[in-house]
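Visitor: Okay, here's the structure, questions in a sec.
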Amino acid sequence: MEIIWRYEEADKGDFPHFMIKEIMEQKETLYRAINQNENILSQVAEAIKKARGAFFVGCGTAGKVCMTAEYIFSKIAKRHINVLFGSEFKFHEHFLTDQSLLLAISQSGETADTLEAIEIIQKKGGKVVSIVNNEASTMARISDMMIPIKAGPEKAVASTKATTSQIAICILLAYALINRLHDGKQILIETASQINDMLNPRYEEHIQQVAEFLKNFESLYIIGRGLNYPMALEGAIKLQEVTYIHAQGFAGGELKHGPIALISKNTPCIVLVANDESKNEILSNAIEVKARGGYIIGISPENAEVFDYWIKVPDNSNTSPIINIIPIQILAYQLALLRQNNPDMPRNLAKSVTVK
């Protein structure tokens, strides 16, 4: 098995915590994720085409990547793939056949609920593709095919670099499905270059100002639409994990169906904006929140009048889930420090959840 990461990645080096080190490593881990065996990607794409019932399955952050993948496949490849959390897969086993396909996403490759899902589909005679960081894991060994995300050791409990690498693999697969893998790689290379420019001390200082404002709040909300709805959920998980703030993510259009009742004066709301078909609607949702007293933090390629604070991100609509989650990762880390939490070892959590 080839080792594609540097040994110093397993050490904090000059960084105070693994979490911020791993956030900054996304400058290069995306390039590694892009550098995949094209034959394997083509084989997986062909398996998806032939399957009668394909499922993306993961837990926690990997589950949110699965949700993102559903949107990616719909937008890029015009193909629907089912999405389930590992713990919920067993309740759908009656739909499985020997022509079903499970695409399991996991950083560790040892997540108990996802392994259970694999066992269920294999008993039905279906096939399994694992998208994992640990190539020596149980998941990698028992799968019919395996795609390594090549993120290197991820020591912090809260996943960062593995998350964006997993999304990158899903983008590559979507383009492989329509025989445009080269185009997918070029888009991701451009994104990796943009992230390399974005991750710098000045950018961290800009986000630090938001963290100072938010440090004493005990609840906040994140909204997104389309590709960025799952990232609103993932951003909430990151904040929950390391800051212990009650953070919730919503689809922007769902605000009027209940959550907007939670908005009062200065309620923080992070708005994820992409320069795509969802832009006008998510900005309209932000206006609804602000009209009820909310404080709007926009993560967007362009400023908007509704934003009380703007965090600029590169403009690349098909990879916006990768781009837009990174400022929230940084914000979560900075808030954890301000609230005197250890971002690498949050309470009640383990890096790999090996129990059901």
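The values are calculated or read from the model by the stated rules, or taken from the named source; none is laboratory data. The structure displayed is predicted, hence computed values, not measured ones. Cβ placement follows ideal geometry from the backbone for every residue including glycine, while neighbour counts extend to all protein chains displayed.
Visitor: What are the residue pairs meeting all of these: first residue in the stretch 230-257, first residue modelled with pLDDT under 95, second residue of a type outside the set (V, I, T), Cβ atoms under 6 Å, and 6 or more apart or on different chains?
Guide: L255/N285
Visitor: Quick check on this structure: which one of V242, V306 is surrounded by 24 or more Cβ atoms within 10 Å (Cβ to Cβ) and either among the β-branched types (V, I, T) or in a loop (DSSP other than H, G, I, E, B) (or both)? Full working, then the answer.
Guide: Working: V306 fails: surrounded by 24 or more Cβ atoms within 10 Å (Cβ to Cβ).
Only one candidate passes the filter, namely V242.
Visitor: Same structure, new question: Hey, among the residues in the stretch 127-159 that are over 19 Å from the mean Cα position of the chain (by Cα), in contact (Cβ under 8 Å) with a residue 12 or more places away in the chain and more than 21 Å from A174 (Cβ to Cβ), which one's surrounded by the fewest Cβ atoms within 10 Å (Cβ to Cβ)?
Guide: Only one residue tops the list, namely A136.
Visitor: I'm trying to understand the selection: among the residues of the stretch 290-323, which are over 26 Å from G63 (Cβ atoms) and in contact with a Leu (Cβ under 7 Å, 6 or more places away or on another chain)?
Guide: Passing the criteria: A304, V306.
Visitor: Residues of the stretch 212-229 being under 15 Å from K279 (Cα atoms) and in a helix (DSSP H, G or I), which ones?
Guide: Result: G226, L227, N228, Y229.
Visitor: If you go through the stretch 322-339 one residue at a time, do you hit one that is surrounded by fewer than 18 Cβ atoms within 10 Å (Cβ to Cβ) and either aliphatic (A, V, I, L, M) or in a loop (DSSP other than H, G, I, E, B) (or both)? First the steps, then the outcome.
Guide: Start the filter on the stretch 322-339 by keeping residues that are surrounded by fewer than 18 Cβ atoms within 10 Å (Cβ to Cβ), which leaves 338-339.
Now drop any that are not either aliphatic (A, V, I, L, M) or in a loop (DSSP other than H, G, I, E, B) (or both), which leaves 338-339.
There is at least one residue in the stretch 322-339 that is surrounded by fewer than 18 Cβ atoms within 10 Å (Cβ to Cβ) and either aliphatic (A, V, I, L, M) or in a loop (DSSP other than H, G, I, E, B) (or both).
Visitor: So which of A286, A274 is buried (at least 18 other Cβ atoms within 10 Å of the Cβ), among the hydrophobic types (A, V, I, L, M, F, W, C), more than 30 Å from V157 (Cβ to Cβ) and not assigned by TED's automatic domain parsing to the domain that holds A77? Show your work before the answer.
Guide: Details: A274 fails: more than 30 Å from V157 (Cβ to Cβ).
Exactly one of A286, A274 is buried (at least 18 other Cβ atoms within 10 Å of the Cβ), among the hydrophobic types (A, V, I, L, M, F, W, C), more than 30 Å from V157 (Cβ to Cβ) and not assigned by TED's automatic domain parsing to the domain that holds A77, namely A286.
Visitor: If I ask for residues that are in a helix (DSSP H, G or I) and surrounded by fewer than 24 Cβ atoms within 10 Å (Cβ to Cβ), which ones from the stretch 309-321 would you list?
Guide: Once the filter is applied, which keeps residues that are in a helix (DSSP H, G or I) and surrounded by fewer than 24 Cβ atoms within 10 Å (Cβ to Cβ), the stretch 309-321 yields S317, N318.
Visitor: Let me ask you something else. Out of (1) of a type in the set (G, A, S); (2) part of a helix (DSSP H, G or I); (3) out of contact with any strand residue (DSSP E or B) (no Cβ under 9 Å at 6 or more places or on another chain); (4) modelled with pLDDT of 95 or more, the odd one out for G293 is which?
Guide: Failing condition for G293: (2).
Visitor: Of all residues in the stretch 81-118 being surrounded by fewer than 18 Cβ atoms within 10 Å (Cβ to Cβ) and over 25 Å from the mean Cα position of the chain (by Cα), which is nearest to S159 (Cα to Cα)?
Guide: Checking each candidate, the answer is E93.
Visitor: Kindly evaluate L283 against the criterion of being modelled with pLDDT of 95 or more and under 20 Å from A251 (Cβ atoms). Spell out the reasoning first.
Guide: Working: modelled with pLDDT of 95 or more: yes; under 20 Å from A251 (Cβ atoms): yes.
Considered against the rule, which asks whether it is modelled with pLDDT of 95 or more and under 20 Å from A251 (Cβ atoms), L283 comes out as yes.
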